Structures are given as C-alpha cells and as structure tokens.
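Trainee: Structure provided below as structure tokens; questions to follow.
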Amino acid sequence: MIKVAINGYGTIGKRVADAVAKQPDMEVVGVSKTSVSAEAFVAKKRGYPLYIADIGKKAAFEKAGLDVAGDVEAMLKAADIVVDATPGGVGEKNRPVYERLGKKAIYQGGEEHEVAGFSFNAHVNYKEAEGHQFARIVSCNSTGLVRIISAMDQAFGVDRVRAVMVRRASDPGDVKRGPVDATVLNPATIPSHHGPDVNTVLPEVNIVTLAMIVPTTFMHMHAIQMDLKKETTREEVLKVFENHSRIGLVRKATGIKSNAQLREYAQDLGRPRADVWENGIFEESVSVLGGKEFYCFQAIHQEADVIPENIDCIRALMGTVKDPEESIRMTNKALGFVAIR
Ligand code: NAD
C-alpha cells in the first residue's frame, strides 16, 4: 500500500483524500488543516488522522472535539508521498520540508511549473514521471485543455489552438470571492496563463488562450477552435472522444445546454459531491468545417477534473504501475468513474 498524506484538506484535498481511500493500492495516512473548520469535522467523520500546520493550535482543535495526531512534519514522516493541496504559493514554501525529509510530492496548478519542474497529465506523460521527486498537476482549465488537445493531436495532428475560457467566479462554498454581477477580463491581456500552462505538458502545441470570469460557481466553460493537420469529419472526432476514458459527451438528447444542468445531471447519476471528473464536451457543438477546422464547447468542473490525475500521478511518481492505461483503468474503476456518454 502506498502511504499518502494530503497536506491542505480543502476543496481539492478533501476530494483527493476520498479518491485515495477508494484505491486498492493506497491509503490515507493523514490530512492537514490550519484551523478548526467544517472540513476538519468531515475528516474526523471519514476517519482520516488529522494533523495541523501550527501545533500551537492543538488545544483549539481538541476543545472542538477534534483529535490531533500531530504536526504536519509528523504526518509527512508517516507518508511515502504527499499531495500538496494547500492554497497557491504555499506549496512552494513547503518544498524545502519535502526536500529535507526526502518525500515525493505532488503540487497543484496554483504553483508555478518551476516549483516541481515537471507538470503531469496521465494521458500524456505518465511514463516520464518515474524518477522525479516532484510533479505538478496543471490547473483544472489546463487539464481540460490538455486532455482534448492531446486526444485530437494523436488522432489528426493539431496545427494550432485558439480557446476562450469563461471561468467560474468561485467554488460554491467560497463565499469571500466575487464577482457578484460582472464579467471580469482575467486577464485583460492576451494570452491568458492557460496557454503557457498547457505548454508545460504539451510543449509543441501552438496555443493562444483568452479568459474572463463570470458570476457562476458550477463550472468553467471553454469555447475551443483547433486547426488540424489531417482532414477529418465530425463523426471521426466524436469517435475519438467516445474512446477517451476522461472525455465525456453531453448528448443532444439530454437537453443539457449549461454548466448548471450538467452538475445536476452528475448529482442525479449519484456522483460524489456531484463531481464531473471528465471534460464535458457538448455533442451538439462538435463541428468540423472544411475538413480541418474543429470547434466545440466543453464544460470543466474546476473542483473535480484534476482528482483522477492526482491519483495517477501518485502511481507514476512511485513507479508502482508502469503502464499509464493500467493506472487510469484502476483509478477510474475504484472511483466508479465511467465518462458520461
Ligand atoms: P482551499 O483553500 O479550498 O484549500 C486549501 C487548504 O489548505 C485549506 O483547507 C487550508 O486550511 C489548508 N492550508 C492552508 N495553509 C496551509 C498550510 N500552511 N499547511 C497545511 N494546510 C494549509 O484551496 P483549493 O481550492 O483546494 O486549492 C488548492 C490548490 O489546488 C491550489 O494550488 C489551487 O490553485 C489548486 N486548484 C484548485 C482548483 C479549484 O477549483 N478549487 C482547481 C484546480 C486546482
């Protein structure tokens, strides 16, 4: 069993912990919090040993009825590998501790590529991970872009990508953030950081991205255009998506035309936390003009799509499963994840 610590038990960390707990070859040795919160009570309910960043706060946790197993360093010592899901920038500060203790670590998209020096996606560079001490899972938007671009590139060759990201304002529980009633250019300059982030996994791809934030919490929405090298048809493209275990197709017959309806659908299908782990490509939008010009809309669930990638990255860094497809199958099976068709 691979012993996994989750440093930062928030939106991403709590999902990674549950996904790790479901895998046949992994166990959660601990999760960490900075302060008493609802998530700490969830960790207790799940039976995850709770560690805290500042051991001086132990009394406050115990007063709330939460047992503290120790400080973060004690958690790291008990682990083979740590998934760092602390807020962006904190992971970089944690790196010297991981180095000192000789622990492998997986960072999230809020950290710069250079913090890990290796950015990961299970379908693209799983085999390159072995031997690295650190890896980084690219952000939710970049994960969604990398999946669709690499699938299209393998099938038809991709000459260039142009994509517009309409981003959710905050996660549903993140009450401190806005906007309440605005469309914010984020950034106003072009390109947005997403294109360069995709290039950390797919360095050869010619990509320019534009991004804005709108007042929704459910999902991001991407409008994507790719120029392909080989001529193809809409039917062939749909087949590529149908054969990809982390690309979902939102069928016309469902009548779903929004992020809100897609989350409701996932909830009704019984997905934990209504998580949409796959890219949600709208079947109706899939278009090929003149043989080489591809267009589509895809919805990306910011809290969820990176979770299976974290799990595969654990096996890739540990070197326990050599074949990416085998790891992807194991992860998806343990999660009960079959992409929406
Ligand atoms: P979050 O704020 O929901 O959770 C972060 C957790 O880390 C909190 O529980 C906090 O208590 C804890 N924490 C803070 N400082 C800590 C420290 N020094 N030691 C230990 N724990 C600490 O954040 P999040 O949304 O889960 O984001 C985590 C990372 O994942 C970021 O890099 C973010 O960019 C990335 N990410 C987030 C999303 C998303 O939509 N939420 C999607 C993809 C990637």
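Trainee: Name the single residue that is surrounded by the fewest Cβ atoms within 10 Å (Cβ to Cβ) among those in the range 102-131 being among the acidic types (Asp, Glu) and more than 10 Å from the ligand (Cβ to nearest atom).
Mentor: This residue is GLU114.
Trainee: A further question on this structure: Can you find a residue that is of a type in the set (A, V, I, L, M) and within 16 Å of the ligand (Cβ to nearest atom) anywhere in the range 266-273?
Mentor: yes
Trainee: Mind listing whichever residues of the range 16-36 are assigned to a helix (DSSP H, G or I) and either hydrophobic (A, V, I, L, M, F, W, C) or crowded, with 23+ Cβ neighbours inside 10 Å (or both)?
Mentor: Those that are assigned to a helix (DSSP H, G or I) and either hydrophobic (A, V, I, L, M, F, W, C) or crowded, with 23+ Cβ neighbours inside 10 Å (or both): VAL16, ALA17, ALA19, VAL20, ALA21.
Trainee: GLU99 - would you say it is acidic (Asp, Glu), surrounded by fewer than 19 Cβ atoms within 10 Å (Cβ to Cβ), at pLDDT 95 or above and within 26 Å of ARG246 (Cα to Cα)?
Mentor: The answer is no for GLU99.
Trainee: Could you figure out which of (1) assigned to a loop (DSSP other than H, G, I, E, B); (2) near the ligand (Cβ under 8 Å from one of its atoms); (3) touching an Asp or Glu at 6+ places or on another chain (Cβ under 8 Å) isn't true of ILE12?
Mentor: Result: ILE12 fails condition (1) only.
Trainee: Quick check on my filter: what residues within the range 198-212 are more than 16 Å from the chain's Cα centre (by Cα) and crowded, with 16+ Cβ neighbours inside 10 Å?
Mentor: Result: ASN199, LEU202, VAL205, ILE207, THR209, LEU210, ALA211, MET212.
Trainee: I'd like to know if the range 225-245 contains one or more residues that are within 16 Å of the ligand (Cβ to nearest atom) and either within 19 Å of the chain's Cα centre (by Cα) or modelled with pLDDT under 95 (or both).
Mentor: no
Trainee: Would you mention how many residues in the range 151-183 are among the hydroxyl-bearing types (Ser, Thr, Tyr) and under 16 Å from the mean Cα position of the chain (by Cα)?
Mentor: Residues that pass the stated criteria total 1.
Trainee: Looking for whichever is assigned to a helix (DSSP H, G or I) and more than 13 Å from the ligand (Cβ to nearest atom) here; the options are GLU39, GLU99, GLU73. Which one fits?
Mentor: GLU99
Trainee: If you scan the range 42-57, which residues turn out to be over 22 Å from the mean Cα position of the chain (by Cα), buried (at least 19 other Cβ atoms within 10 Å of the Cβ) and not in a loop (DSSP other than H, G, I, E, B)?
Mentor: If the condition is that a residue be over 22 Å from the mean Cα position of the chain (by Cα), buried (at least 19 other Cβ atoms within 10 Å of the Cβ) and not in a loop (DSSP other than H, G, I, E, B), then LEU50, TYR51, ILE52 are the ones that fit.
Trainee: Here's a follow-up. Condition first: in contact (Cβ under 8 Å) with a residue 60 or more places away in the chain, buried (at least 17 other Cβ atoms within 10 Å of the Cβ), within 16 Å of the ligand (Cβ to nearest atom) and small (Gly, Ala, Ser). Can you find one or more residues in the range 138-150 that meet it?
Mentor: Yes, because at least one residue in the range 138-150 is in contact (Cβ under 8 Å) with a residue 60 or more places away in the chain, buried (at least 17 other Cβ atoms within 10 Å of the Cβ), within 16 Å of the ligand (Cβ to nearest atom) and small (Gly, Ala, Ser).
Trainee: Yes or no: the range 137-144 includes at least one residue that is out of contact with any strand residue (DSSP E or B) (no Cβ under 9 Å at 6 or more places or on another chain) and within 22 Å of ARG15 (Cβ to Cβ).
Mentor: yes
Trainee: Further question: Inside the range 183-216, can you point out the residues that are assigned to a loop (DSSP other than H, G, I, E, B), without any contact (Cβ under 8 Å) to a residue 24 or more places away in the chain and under 30 Å from GLN154 (Cβ atoms)?
Mentor: ILE190, PRO191, HIS193, PRO203, GLU204
Trainee: Hey, can you tell me all the residues within the range 80-92 that are out of contact with any Phe, Trp or Tyr (no Cβ under 6 Å at 6 or more places or on another chain) and within 7 Å of the ligand (Cβ to nearest atom)?
Mentor: ALA85, THR86, PRO87, GLY88, VAL90
Trainee: Here's a follow-up. Only one of (1) in a loop (DSSP other than H, G, I, E, B); (2) at pLDDT 95 or above is not met by VAL180, so which one is it?
Mentor: Every listed condition holds for VAL180 apart from (2).
The values are calculated or read from the model by the stated rules, or taken from the named source; none is laboratory data. This is a predicted model, so every value here is computed, not measured. When we count neighbours, we look across all protein chains shown, and the Cβ atoms used for this are built from the backbone with ideal geometry, even at glycine.
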